[in-house]
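Everything below concerns the one structure shown next.
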Amino acid sequence: MSELAVTALKVLLLALIWVFILSIGGVIRTDLFGRTVPRSDLAEIEPPRGSGRPRKRRGRKNRATGLVVTNGAGTGQRAELSAAPILIGRNSDCLILLDDDDYVSTRHARVDNSVDGWFIEDLGSTNGTYVNGQRITVPTLIGPEDTVRIGRTTMKLEA
């Protein structure tokens, strides 16, 4: 092989390596800061429903006394609802500590009391909080019949 062909292959390989490195940098930047949404697309995005207050569910009585982990990291942990608000997460100040679940944020969610009953609120976690299999974006009323999933951990209100 001629010296010119070897040099051309080296330059091509170097260019491919740089393209790979730059694409990895773009993926990391998107993961850290999110993607840029053009202003024209913002009009099409539907604003979140609700005003940040807990959604009402008719016909439910909330006579729960505790929040108990039923499956996953920390199975069997229980927090008395009299200690509300209850923080759930990986931080040591959380009442329900889920430090063995890799999908739980430092301060993932909060359970608190309102006039209508107990509600759960996602605190801007990465992986979300789910009530009965649906991701919540606003504080949502929960009762003993509801299943709450945070990361790989499932919990319920205990009556």
#### Entry: Test: L81 is over 12 Å from T153 (Cα atoms), open to solvent by less than 40 Å² (accessible area, probe 1.4 Å) and out of contact with any helix residue (DSSP H, G or I) (no Cβ under 6 Å at 6 or more places or on another chain)
yes
* Asked: Is it true that G117 is in contact with a strand residue (DSSP E or B) (Cβ under 6 Å, 6 or more places away or on another chain) and in contact (Cβ under 8 Å) with a residue 40 or more places away in the chain?
  -> yes
Scanning the range 128-147 residue by residue, those assigned to a strand (DSSP E or B), open to solvent by 20 Å² or more (accessible area, probe 1.4 Å) and under 18 Å from A79 (Cβ atoms) turn out to be T147
Of the residues in the range 63-73, those that are within 19 Å of R149 (Cβ to Cβ) and open to solvent by 30 Å² or more (accessible area, probe 1.4 Å) number 3
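Yes/no matrix, rows are residues, columns are (1) in a loop (DSSP other than H, G, I, E, B); (2) surrounded by fewer than 16 Cβ atoms within 10 Å (Cβ to Cβ):
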{"site": "I88", "(1), (2)": "no, no"}
{"site": "N91", "(1), (2)": "yes, yes"}
{"site": "D102", "(1), (2)": "yes, yes"}
{"site": "S105", "(1), (2)": "yes, no"}
{"site": "D112", "(1), (2)": "no, yes"}
{"site": "W118", "(1), (2)": "no, no"}
{"site": "T126", "(1), (2)": "yes, yes"}
Is at least one residue of the range 23-33 closer than 19 Å to I142 by Cβ and either of a type in the set (A, V, I, L, M, F, W, C) or modelled with pLDDT under 90 (or both)? no
Restricting attention to the range 74-106, the residues that are modelled with pLDDT of 85 or more and in contact with an Asp or Glu (Cβ under 8 Å, 6 or more places away or on another chain) number exactly 5
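The values are calculated or read from the model by the stated rules, or taken from the named source; none is laboratory data. Fair warning: this is a prediction, and the values are worked out from it, not measured in the lab. Cβ atoms come from the backbone with ideal geometry, glycine included; neighbour counts cover every protein chain shown. Each accessible area value is taken on the protein alone, full model and side chains, heavy atoms only, with ligands, DNA and RNA left out. Shrake-Rupley method; radii C 1.70, N 1.55, O 1.52, S 1.80 Å.
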